[in-house]
Amino acid sequence: MGKIYTLNINKNFMSFNIAVLYGSVRTERQGIKAVRFLVNQLKKRGHGVTLIDPKIYQFPLLDYRYFEYEKGKAPETIEKVAKIITDADGYIIVTGEYNHGLPPALKNILDHYYDEYRHKPSAIASYSGGPFGGVRSAVHLRAVLGELGMPSIPTTFPISAVQDSFDEKGNAIEKAYEKRVQKFLDEFEWYVNAFREARKSGLPA
């Protein structure tokens, strides 16, 4: 089964429009280094990438979900992000681990939308400052993404000691991540392509 992902995906698939969702607003956040690494890797593969960062798009705490607003009446930030999510072919979700769960800013962004995600795949990158790479948060996140209609691919991308693994520009200090990310993104691209082709035939009722 592993040989499925040994293909050079860039030679077989067209470029995709990918949204990267990140969830930390902490003052000295370290996960942004991993986010920049992933964005850089996606761009190297020829994809269009848009980062949804809660420090840039300052979401209010959830009151009305996007579909509950009268058309054209949603707050500007919510409207802008709705377009990014709608236009995306797939999503990479980057999560830290707070007490075995998701960062609240990430869950808040995710919960604002629903139909905009549906029938498109997601992939989970998780991180922590310790040795376990945020995997407990990834387990929680997988259930949330499935409920939102953007099921996650089987492979995850856990990152341990994130503060020491990348520099501020997203270059890998721990070079093993440069190799590991290739399988992760190969698999993600396969699912993005498969879902996009399936959507051309229509969506389930």
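The values are calculated or read from the model by the stated rules, or taken from the named source; none is laboratory data. Everything numeric here is computed off the predicted structure, so don't read it as measured data. As a convention, Cβ positions derive from the backbone with ideal geometry for all residues, glycine included, and neighbour counts pool all protein chains shown.
Data table
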{"quantity": "Total residues in the range 178-205, condition within 26 Å of Glu97 (Cβ to Cβ) and over 17 Å from the mean Cα position of the chain (by Cα)", "calculated": "2"}
{"quantity": "Checklist (1) in contact (Cβ under 8 Å) with a residue 60 or more places away in the chain; (2) surrounded by 19 or more Cβ atoms within 10 Å (Cβ to Cβ) applied to Gly133, failing item", "calculated": "(1)"}
{"quantity": "Close pairs from the range 88-105: first on the phi < 0 side of the Ramachandran plot and part of a loop (DSSP other than H, G, I, E, B), partner surrounded by fewer than 24 Cβ atoms within 10 Å (Cβ to Cβ) and among the polar types (S, T, N, Q), Cβ under 8 Å, at least 6 apart", "calculated": "Ala88/Asn17; Ala88/Thr50; Asp89/Asn17; Gly96/Ser24; Gly96/Ser128; Glu97/Ser128; Pro103/Ser24"}
{"quantity": "Selection count, the range 141-175, where residues are out of contact with any helix residue (DSSP H, G or I) (no Cβ under 6 Å at 6 or more places or on another chain), more than 11 Å from Ile93 (Cα to Cα), not in a loop (DSSP other than H, G, I, E, B) and not polar (S, T, N, Q)", "calculated": "5"}
{"quantity": "Matching residues in the range 96-124 - criterion: being touching a Gly at 6+ places or on another chain (Cβ under 6 Å) and either at pLDDT below 95 or more than 19 Å from Pro204 (Cα to Cα) (or both)", "calculated": "Gly96, Glu97, Pro103, Ala105, Leu106"}
{"quantity": "One residue from Ala194, Ala138 being under 21 Å from Gln30 (Cα atoms), in a helix (DSSP H, G or I), modelled with pLDDT of 95 or more and aliphatic (A, V, I, L, M)", "calculated": "Ala138"}
{"quantity": "Residues being farther than 25 Å from Pro131 by Cα, surrounded by 14 or more Cβ atoms within 10 Å (Cβ to Cβ) and aliphatic (A, V, I, L, M) - total across the range 141-200", "calculated": "3"}
{"quantity": "Subset tally (residues that are of a type in the set (A, V, I, L, M) and outside any helix (DSSP H, G or I)) for the range 26-54", "calculated": "3"}
{"quantity": "Selection status of Arg118, under 22 Å from Lys33 (Cα atoms) and among the charged types (D, E, K, R)", "calculated": "no"}
{"quantity": "Residues located in the range 31-86, provided they are small (Gly, Ala, Ser) and either on the phi < 0 side of the Ramachandran plot or in contact with a Cys (Cβ under 9 Å, 6 or more places away or on another chain) (or both)", "calculated": "Gly31, Ala34, Gly48, Ala74, Ala82"}
{"quantity": "Residues of the range 179-205 classified as acidic (Asp, Glu) and free of Cβ contacts under 8 Å to residues at least 40 places away in the same chain, total", "calculated": "1"}
{"quantity": "Selection count where residues are over 13 Å from the mean Cα position of the chain (by Cα) and assigned to a loop (DSSP other than H, G, I, E, B), scope the range 116-131", "calculated": "6"}
